[in-house]
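Visitor: Pasting a structure here, questions to come.
The values are calculated or read from the model by the stated rules, or taken from the named source; none is laboratory data. Please read these numbers as outputs of a predicted model, since none were measured by experiment. Ideal geometry is used to build each Cβ from the backbone, glycine not excepted, and the neighbour counts take in all protein chains shown.
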Amino acid sequence: MNIANLAKYLMIIGFVIIVVGAIIFGLTKIGIPLGKLTGDIQIKKEKFGIYFPIVTSIVISIVLTLLINLFIWIFRR
């Protein structure tokens, strides 16, 4: 791998991070509170609390999978 390919991959990764951040920011601005979706488990007791963001993790995983597959499809052309 040469430096030009490394630079290209780093720019792609940076772009993906920016896009994912913009999507998350946009979803929270339109009223979809990531991290507090139906299906996320919260256990609150008097002195401690446990939080399992199961549905949020699944949603983020699906979005990232779609974005990565889109980028792979675009750059293979």
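Visitor: Looking at the range 32-55, can you tell me whether even one residue there is of a type in the set (A, V, I, L, M, F, W, C) and in contact (Cβ under 8 Å) with a residue 40 or more places away in the chain? Talk me through it step by step, then tell me what you get.
Guide: From the range 32-55, those of a type in the set (A, V, I, L, M, F, W, C) are 32, 34, 37, 41, 43, 48, 50, 52, 54-55; that's our starting set.
Keeping just the survivors that are in contact (Cβ under 8 Å) with a residue 40 or more places away in the chain gives none.
Taking every residue of the range 32-55 in turn, none turns out to be of a type in the set (A, V, I, L, M, F, W, C) and in contact (Cβ under 8 Å) with a residue 40 or more places away in the chain.
Visitor: For the range 55-77, which residues satisfy the criterion of being hydrophobic (A, V, I, L, M, F, W, C) and surrounded by 11 or more Cβ atoms within 10 Å (Cβ to Cβ)?
Guide: V55, I58, V59, I60, V63, L64, L67, I68, L70, F71
Visitor: While we're here: How many of the residues in the range 15-60 are on the phi < 0 side of the Ramachandran plot and in a loop (DSSP other than H, G, I, E, B)?
Guide: Looking only at that region, the number is 13.
Visitor: Follow-up question, since we're still on this one. What's the number of the only condition in (1) more than 21 Å from F75 (Cα to Cα); (2) at pLDDT below 85; (3) exposed (fewer than 10 other Cβ atoms within 10 Å of the Cβ) that L34 fails to meet?
Guide: With respect to (1) more than 21 Å from F75 (Cα to Cα); (2) at pLDDT below 85; (3) exposed (fewer than 10 other Cβ atoms within 10 Å of the Cβ), L34 is out only on (3).
Visitor: Also, quick follow-up: Quick check: anything in the range 24-32 in contact with a strand residue (DSSP E or B) (Cβ under 9 Å, 6 or more places away or on another chain), farther than 27 Å from N5 by Cβ and not charged (D, E, K, R)?
Guide: no
Visitor: Now, a different point. Looking at (1) in contact with a Leu (Cβ under 8 Å, 6 or more places away or on another chain); (2) more than 29 Å from F75 (Cβ to Cβ), find the lone condition where D40 falls short.
Guide: With respect to (1) in contact with a Leu (Cβ under 8 Å, 6 or more places away or on another chain); (2) more than 29 Å from F75 (Cβ to Cβ), D40 is out only on (1).
Visitor: When you go through G26, G14, G21, G49 one by one, which is the residue that is more than 18 Å from the chain's Cα centre (by Cα), modelled with pLDDT of 85 or more and not polar (S, T, N, Q)?
Guide: G49
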